[in-house]
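Report on one structure; see the data block that follows.
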Amino acid sequence: MKKYIPVICLLIFNYGLSQEVSNQSLAGIDWVKITSASDLSVSIHDKNEILIKANNKDFKLTNQNKDLLVSFVADIENIEVYLPKNQNIKIESTKDALIYIDGLCGEIEINSETYGDVSIKNVTGPITANLLNANIKVVFSSVSQNLPTSIFTTYGEIEITLPENSNTNLALSTRYGELYSDIKSISEKIANDKTNGNNSITSTLNKGGVNITAKSIDGNIKLIKFSS
Amino acid sequence: MDNKHVENLIIDYLDGRLSEFDEKALEKHIDDCLFCQKELEDYKKLFNAFQSEEKAKPSSRVQLNFDKMLEEQTSQKVKIFSINSKKNKKLFYNLTRVAASVILLVGVFYAGRYSKNKTNIEDVVNTSENTIKYEELAITALIENSSASKRIKGLQLFKEYKNPDENVIKAIGDKMLYDDNPNVRLSALEALSQFYSEEHVKSFLLEGLKIEKNPNNQIAIIEILVKVKEERAIEPMKIILANDETETFIKNEIIKLTPNLI
């Protein structure tokens, strides 16, 4: 039994490290800019600070004018970042890192040239995303009318879920993929335009409103109605 | 809210966009805070200037300074405004004292800078909708914002313009070439759609063909140059075809679109 004691101690020590929490005030910060080579989960809390659950040696924080730069190294597990609901964030994913975002109502910018998929839910927009190989899923709880959303991929699939009663101007186009929607007016428009040889549609949903643009070269684009 | 200044919320407050709860909290804070009282008064003056001086024209000197500033800004790859710096506030306060017409011009531009935090610049544009020049200035301020979605918003607003200033077209051409966000670059390309056949815009397109690396954007530029039958695009396209790093579908599109040229 004695020979296992160092191993058990090491495991307990490592567990303690993985639970390490760091926080920093976001007073005066416009943008939190995250570069991550590891899977990353971003959620909200009710404090005006960034809270990071990760080992201190695995990330670096740098203040740059009114931005806070956060950089995570590769091969870390269970990174959790908590931000105030209205925080603007910009995320650059490297080394196929998966990105999860939940609940943010600030501006979201994402750039990725890897295979790491992106999942965003309970947001209102705007979102500006450009992905090369990755798929992206976005679930709008409601659609903010202030600023446009644009989601572009080269090979990845785009899936956008939004309330059917949203007022938006939609522009969806894919060069080699397929368009799909379970919203009747949009699916009819897709079917109609496809008979004319087009894999792109522009359409208004309800009264029209903020622009939502989704473009892909080779990926399918799905527009799904939100059901709570 | 009691312990923090609320200047970021004042425009929303004046526009009636705050919730009842936030509105009461803001009013309570302003009652006790001289700094925010001053901010509120300044914004009220600015808003009054918008309403009372819609047809005012900026002086040629102001226009000249703006053009110079625009040129400086567009020469930078990334533009970040620091609106809370003392320097900018001093500039703002000094200019607002000059004249109502100058207040209008600077106010639109300042509001554009301010919008990277909280402001919806479209409201500022709508406020001065009878004065095309000011809208143009506000759009220019938007496309220089640090937020990609605000830059795209500015470019989408610009697309509605019929006779924009040549300097603004140049600023948008520079966005198409050098903005760090590929979505913004593509939006700038689309914003120039009514000018594709003009020579100076063709120059931007030809330069874009050489330097653009994003596949979505490359395809868009190639399609436009083929559509306007720009023969100077043939050599750059040959280089793209010969480049091992070029995506296969881009090579296929070039061959498909230009069967007789290449």
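The values are calculated or read from the model by the stated rules, or taken from the named source; none is laboratory data. Please read these numbers as outputs of a predicted model, since none were measured by experiment. Glycine also receives a Cβ, built like all others from the backbone with ideal geometry; neighbour counts cover every protein chain displayed.
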Notebook entry, point to check: Are there any pairs, at least 6 apart or on different chains, whose C-beta atoms fall under 8 Å, with the first in region B:241-261 and within 23 Å of B:LYS229 (Cβ to Cβ) and modelled with pLDDT under 85 and the second exposed (fewer than 10 other Cβ atoms within 10 Å of the Cβ) and of a type in the set (A, V, I, L, M, F, W, C), and if so, which?
Noted result: none
Notebook entry, point to check: Do we find that A:ASP102 is at pLDDT below 95 and out of contact with any Gly (no Cβ under 7 Å at 6 or more places or on another chain) in this structure?
Noted result: no
Item checked: Residue, nearest to A:THR35 (Cα to Cα), within region A:90-108, restricted to residues that are within 10 Å of the chain's Cα centre (by Cα) and buried (at least 21 other Cβ atoms within 10 Å of the Cβ) -> A:ILE91
Note to self: Return the residues of region A:129-149 that are buried (at least 24 other Cβ atoms within 10 Å of the Cβ), more than 13 Å from A:VAL210 (Cβ to Cβ) and within 11 Å of chain B (Cβ to nearest Cβ); say none if nothing qualifies.
What the structure shows: A:ALA129, A:ASN130, A:LEU131
Notebook entry, point to check: Looking only at region A:54-64, which residues are in contact with a Ser or Thr (Cβ under 7 Å, 6 or more places away or on another chain) and surrounded by 14 or more Cβ atoms within 10 Å (Cβ to Cβ)?
Noted result: A:ASN55, A:PHE59
Next item on the list: Answer with yes or no whether A:GLU188 is within 12 Å of another protein chain (Cβ to nearest Cβ) and either in contact with a Lys or Arg (Cβ under 7 Å, 6 or more places away or on another chain) or not small (Gly, Ala, Ser) (or both).
Entry: no
Checklist line | Members of region A:42-92 found to be within 14 Å of chain B (Cβ to nearest Cβ), touching an Asp or Glu at 6+ places or on another chain (Cβ under 8 Å), part of a strand (DSSP E or B) and of a type in the set (D, E, K, R), listed by number | finding: A:ASP67, A:LYS90
Check: Has region B:168-190 got any residue that is more than 20 Å from B:LEU206 (Cβ to Cβ) and at pLDDT below 90?
Finding: yes
Margin query: For the list (1) surrounded by fewer than 23 Cβ atoms within 10 Å (Cβ to Cβ); (2) more than 10 Å from chain A (Cβ to nearest Cβ); (3) assigned to a helix (DSSP H, G or I), I need the number of the one condition that B:GLY173 fails.
Written below: (1)
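Please specify each residue of region B:186-204 satisfying the condition of being in a helix (DSSP H, G or I), surrounded by fewer than 23 Cβ atoms within 10 Å (Cβ to Cβ) and within 22 Å of the chain's Cα centre (by Cα).
Selection gives B:GLU190, B:SER193, B:GLN194, B:PHE195, B:HIS200, B:VAL201, B:LYS202, B:SER203.
Considering only residues that are more than 29 Å from A:ASP96 (Cβ to Cβ) and either more than 14 Å from every other protein chain (Cβ to nearest Cβ) or of a type in the set (Phe, Trp, Tyr) (or both), which ones fall in region A:150-169?
A:PRO163, A:GLU164, A:ASN165, A:SER166, A:ASN167
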Notebook entry, point to check: Under 6 Å by Cβ, and 6 or more places apart or on different chains, what pairs join a residue from region B:132-161 that is under 16 Å from B:ARG185 (Cα atoms) with one that is among the acidic types (Asp, Glu) and surrounded by fewer than 24 Cβ atoms within 10 Å (Cβ to Cβ)?
Noted result: B:ALA148/A:GLU109
